[in-house]
Amino acid sequence: MILVAGSANLDFVVRAPHIPAPGETVLGQAFTTYPGGKGANQAVACARAGGAATQMLLAVGQDSFAEPLLASLYSANVKLNTVLTQDQPTGCAFICVADNAENAITVAPGANLTLAPEHLPDLTGFSHLLMQLETPLATVTAYALAARAQGVTVVLNAAPAQPLPPELLAAVDVLIVNEGELAAVVPYPVSLMTNLAQIAVPCVVVTLGQRGCAARLGNTFFIQPAYPVNAVDTTGAGDTFCGVLVAALDQGESLTQAMQRASAAAALACTEAGAQSSIPTADAVSAFLAQQPAPCEASVSALCNYCGMG
Ligand code: RIB
C-alpha cells in the first residue's frame, strides 16, 4: 500500500499566448478550475497506475473549494485520510498556461500548512511514503523519520525548490527533482552527473522536461529519453511522473522500467488540459508504450552529453 502525504489545491487556470513578464498584463482566454496540488496529483497518478492501493493524507478547509478536490481523489480510488481545518481555506493555485504548453504557478497553501506531525496515520501495511514540499518542512521531516524507523520506503519530490535539512535527506530513499530543484539541493552545483553524485540519498531521479530524465542508483547512472508528444499543458506532468514511478517501484519493477513508464505517463499527461484531469490510466500508458519505437541513437547520445556522461 502507498501513502501520499501532501497538498491538495484547487487550480484556477487561464490560458494565454505567453506567461506575463513582471509588470506585464496579458489578455488570456476564459478561466477554468481543475483539481490539483502536487500531493493530490501524485496520489491520483499512483492510483491510476494500478497495482497497490493508494491512500492520501491531506488537509482542506471547510469551504466549497474542498469538495471537487475530495471528489476527484475519491473517483480515482484514492482512500482519504482528511484533516478538516477550521481556520484556513483550502489551498489554491493560480496558473497561467501559455500556448507553448509551459506554465507559471503561484500557490496559496492555506490548509496545506496545517498538516502536522500528529496527523500521520499508523504506517503498518504501507510499503512507500510519497511526499512533496507544499506542506510544512517540519511535518515532511517528521513523517520521513517515522517512515524510515518503520522500514517504509521514503520518496520525496522536493518541489517547489528549496534547500533541504540534512536530517530530512538522511531519511529519504528516493529523491525526485527537476533541474531547478536539484540546484537548490546540491551544495556546489556543477554538471548534472556530479550533482546527482553529491546528494547523500541512495537513489536520485532528475526530470529534464523535453529531454527526458536521468537517475543515479548507488554508483550506477541511468537515462531515459522523453517521448515526443504534441503538448498542450505541462501542468501536473512532473506529478504524474512521481506517482507512476512510485507505483511501478512498488510493483517490483526495476528503476529503468519505472523511469520508462513514468516518462510515458508524463508525456501523455501533457497532451490534455489540467492536472488530475490529464493523468492517464495504466492501460493508456501500456497502449502508448506499445506504439513507441526504440529511442534513436541520436537522442540517447544527446541526453548522455547533456548529463555529462558523454
Ligand atoms: O505540479 C502542479 C501543481 O502545482 C498544480 O496542480 C498546483 O496546484 C501546484 O500545486
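For the chain, divide the Cα radius of gyration by the Kirkwood radius and give the resulting Rg/Rh value with two decimals.
Here Rg/Rh amounts to 0.95.
Which FRET efficiency value, to the nearest 0.05, is calculated for E167 and T256 with the Förster distance at 35 angstrom and r the Cβ-Cβ distance?
In this case the efficiency is close to 0.70.
At a 10 angstrom cut-off on C-beta neighbours, averaged per residue, how do the peptides 256-268, 92-104 rank from highest to lowest?
In descending order of packing, they fall as 256-268, 92-104.
Please turn the phi angles of segment 101-114 into ³J(HN,Hα) values with the Karplus equation 6.51 cos²θ - 1.76 cosθ + 1.60 (θ = phi - 60°), one per residue in order, whole Hz, x for glycine and proline.
Going residue by residue, I get 6, 6, 9, 10, 10, 10, 10, 9, x, x, 4, 4, 6, 8 Hz, with x marking Gly and Pro.
Using the scaling law 2.2 N^0.38 Å as the reference, what is the normalised Cα Rg of segment 22-121?
1.21
Can you grab the distance from the C-alpha centre of segment 5-83 to the C-alpha centre of segment 232-279, Å, no decimals?
15 Å
Where in segment 180-197 does the label zone of N305 land, with the point 7 angstrom along Cα→C-beta and an amide N cut-off under 18 Å?
Under cut-off, by backbone N: 191-193.
Starting from the 7 Å offset along Cα-to-Cβ, what nm value, one decimal, do you get for the label separation of A184 and A108?
Result for the modelled spin labels: 2.1 nm.
Could you check the spin-label model distance between V83 and S191? Points 7 Å from the Cα along Cα→Cβ, value in nm.
For V83 paired with S191, the spin-label model returns 4.4 nm.
I'd like to verify something in the chain: which complete DSSP H helices, judged by Cα projection on the helix axis, reach 24 Å or more and average at least 0.5 on the Kyte-Doolittle scale?
Correct list, ordered by number: empty.
Taking a spot 7 Å from the Cα of R148 along the direction of its beta carbon, which residues of segment 105-121 have an amide N less than 20 Å from it?
Residues passing the 20 Å test: 116-121.
Indicate, rounded to the nearest 5 percent, the antiparallel portion of the DSSP beta bridges found entirely in segment 1-159.
30 percent
Quick one: net charge around G243, please, counting Lys, Arg +1 and Asp, Glu -1 for every other residue with C-beta under 13 Å from its C-beta.
+1
With all protein chains present, calculate the accessible area of L84 using a 1.4 Å probe and round the result to the nearest 10 Å².
Its heavy atoms expose roughly 100 Å² to the probe.
For the peptides 52-59, 108-115, what is the packing order when you average, over each peptide's residues, the other Cβ atoms within 10 Å and list the highest mean first?
Averaged packing, sorted descending, gives the order 52-59, 108-115.
I want the antiparallel fraction of DSSP beta bridges within the chain, as a percent rounded to 5.
Given both bridge residues lie in the chain, the antiparallel proportion sits at roughly 40 percent.
What order, most packed first, do the peptides 239-248, 186-195 have when packing is the mean number of other Cβ atoms within 10 Å of each residue?
Output ranking for 239-248, 186-195: 239-248, 186-195.
The values are calculated or read from the model by the stated rules, or taken from the named source; none is laboratory data. Worth saying up front: this structure is predicted, and the values here are computed from it rather than measured. Positions of Cβ are backbone-derived with ideal geometry, glycine not excepted, and every protein chain shown enters the neighbour counts. Ligands, DNA and RNA are stripped out before the accessible areas are found, and what is left, the full protein with its side chains, is counted by its heavy atoms. Shrake-Rupley method; radii C 1.70, N 1.55, O 1.52, S 1.80 Å.
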